[in-house]
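Enquirer: The structure under discussion is supplied below as structure tokens; questions concerning it will follow.
The values are calculated or read from the model by the stated rules, or taken from the named source; none is laboratory data. Since this is a predicted model, take the numbers as computed values, not measurements. Cβ: placed from backbone, ideal geometry, glycine included. Neighbour counts: every protein chain shown.
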Amino acid sequence: MGLPKSVKIFEVGPRDGLQNEPAPVDTESKVALIEMLADAGVQAIESGSFVSPKWVPQMAGSEAVFGTLNRQPGVTYSALTPNMRGLERAISAKVSEVAVFIAASEAFSQKNTNCSIDEGLARAAELTQVARAEGLAVRGYISVVAGCPYQGEVKPSALAPLAKALLDMGCYEVSLGDSTGVATPGQINNIIDSVATAIPIEKIAIHLHNTYGQALANMYAALQMGVAVVDSSVAGLGGCPYAPGATGNVATEDVIYMLNGLGIRHGIDLGKLVQAGEFITQKLGRRNDSGAARALLAKGAVG
């Protein structure tokens, strides 16, 4: 099909990236990170999650984050909403877009949300209906699309009806999540081939973790198939609380470096993005997991 001329980056660092960190991150640092990302040109930022702080303590301050943010016009500040209580909190916080999620395996669905896939779809449909009635756009996630840590292989053919169900209930886009980072480019081709039989390719996004070092190769495979929306996390932050061993998301800096080399438009300033990643990793006291960022910083190429 050929590579897209432009790609939309959906930045998940402030939510998916920080939710797995062992040390608490203060509201001021979260807000500073989000504002630095917006200043770098990122136009879609998942800025928090309205999940029970009992289960994901790092997301406990999402109301404060959305209440403090200096929101730039043209930037979408979205939140993950796992249930009706979470959606009500998101609406009160004046979130402009929410995400609902389901799992591709029964075992992961039970571990993650204590319900079956069918029950998860019903919950997502109810949330989507209420959110859209409030004027909110809704994005859909399918997790563990390439393999489940509890159940093993997930057949690509199982994904198409799930993606269609999310689109039919009112999600504007479906993000396919390799939550455990087990996929290889051939698997990604098979997954997208299957899902594209049920929904248009322009409604498909890809969400890749780098556990086995395959994320950029997998992303390139998806781009070649016409996918033009990619999820990524600044500095490669992230993991999954319900997927043992899963490491961070593909680093946004590495994605931008690759897109620059391919001549694909994205609208993001790589230097400013590297500064955002360096800011948050220093706050966390951890290594920056972006190879491109580390190389550019070592060269002194970022001020």
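Enquirer: Considering Leu33, Leu37, Leu69, which residue is of a type in the set (A, V, I, L, M) and out of contact with any strand residue (DSSP E or B) (no Cβ under 8 Å at 6 or more places or on another chain)?
Expert: Going through Leu33, Leu37, Leu69 in turn, the sole match is Leu33.
Enquirer: Need the failing condition index for Thr76 against (1) among the β-branched types (Val, Ile, Thr); (2) under 23 Å from Leu284 (Cα atoms); (3) touching a strand residue (DSSP E or B) at 6+ places or on another chain (Cβ under 8 Å), just the number.
Expert: So the condition that Thr76 fails would be (2).
Enquirer: For Asn249, work out the one condition from (1) surrounded by fewer than 18 Cβ atoms within 10 Å (Cβ to Cβ); (2) in contact (Cβ under 8 Å) with a residue 60 or more places away in the chain it doesn't fulfil.
Expert: Every condition holds for Asn249 apart from (1).
Enquirer: Every residue in segment 202-222 that is without any contact (Cβ under 8 Å) to a residue 60 or more places away in the chain and among the aliphatic types (A, V, I, L, M), please.
Expert: Ile204, Ile206, Leu208, Ala215, Leu216, Ala217, Met219, Ala221, Ala222
Enquirer: Can you tell me which residue within segment 283-295, out of those that are aliphatic (A, V, I, L, M) and surrounded by fewer than 19 Cβ atoms within 10 Å (Cβ to Cβ), is farthest from Asn249 (Cα to Cα)?
Expert: Ala295
Enquirer: For Asn20, work out the one condition from (1) more than 18 Å from the chain's Cα centre (by Cα); (2) farther than 30 Å from Ala196 by Cβ; (3) in contact (Cβ under 8 Å) with a residue 60 or more places away in the chain; (4) surrounded by 15 or more Cβ atoms within 10 Å (Cβ to Cβ) it doesn't fulfil.
Expert: Going through the list (1) more than 18 Å from the chain's Cα centre (by Cα); (2) farther than 30 Å from Ala196 by Cβ; (3) in contact (Cβ under 8 Å) with a residue 60 or more places away in the chain; (4) surrounded by 15 or more Cβ atoms within 10 Å (Cβ to Cβ), Asn20 breaks only (1).
Enquirer: Does segment 53-62 contain at least one residue that is surrounded by fewer than 16 Cβ atoms within 10 Å (Cβ to Cβ), in contact (Cβ under 8 Å) with a residue 12 or more places away in the chain and either hydroxyl-bearing (Ser, Thr, Tyr) or more than 18 Å from Leu273 (Cβ to Cβ) (or both)?
Expert: yes
Enquirer: What number of residues within segment 171-185 satisfy the criterion of being touching a strand residue (DSSP E or B) at 6+ places or on another chain (Cβ under 6 Å) and either surrounded by fewer than 20 Cβ atoms within 10 Å (Cβ to Cβ) or closer than 22 Å to Gly135 by Cα (or both)?
Expert: 5
Enquirer: Before we move on, is Ser6 hydroxyl-bearing (Ser, Thr, Tyr) and surrounded by 20 or more Cβ atoms within 10 Å (Cβ to Cβ)? Walk me through it before giving the result.
Expert: Details: hydroxyl-bearing (Ser, Thr, Tyr): yes; surrounded by 20 or more Cβ atoms within 10 Å (Cβ to Cβ): no.
Taking the combined requirement at face value, the residue does not satisfy it.
Enquirer: Looking for whichever is more than 27 Å from Val98 (Cβ to Cβ) and under 18 Å from the mean Cα position of the chain (by Cα) here; the options are Gly236, Gly213, Gly152, Gly181. Which one fits?
Expert: Numbers: Gly236 fails: more than 27 Å from Val98 (Cβ to Cβ); Gly152 fails: under 18 Å from the mean Cα position of the chain (by Cα); Gly181 fails: more than 27 Å from Val98 (Cβ to Cβ).
When all the criteria are applied, what remains is Gly213.
Enquirer: Now for a separate question. What's the total number of residues in segment 199-221 that are closer than 24 Å to Val138 by Cα and either surrounded by 18 or more Cβ atoms within 10 Å (Cβ to Cβ) or acidic (Asp, Glu) (or both)?
Expert: To start, the set of residues in segment 199-221 that are closer than 24 Å to Val138 by Cα comprises 199-209, 219.
Those left that are additionally either surrounded by 18 or more Cβ atoms within 10 Å (Cβ to Cβ) or acidic (Asp, Glu) (or both): 199, 202-209, 219.
Total satisfying the criteria: 10.
Enquirer: Now for a different question. Being under 16 Å from Ala217 (Cβ atoms) and either modelled with pLDDT under 95 or under 14 Å from the mean Cα position of the chain (by Cα) (or both) is the filter here, so list the residues in segment 249-280 that pass it.
Expert: Passing the criteria: Asn249, Val250, Ala251, Val255.
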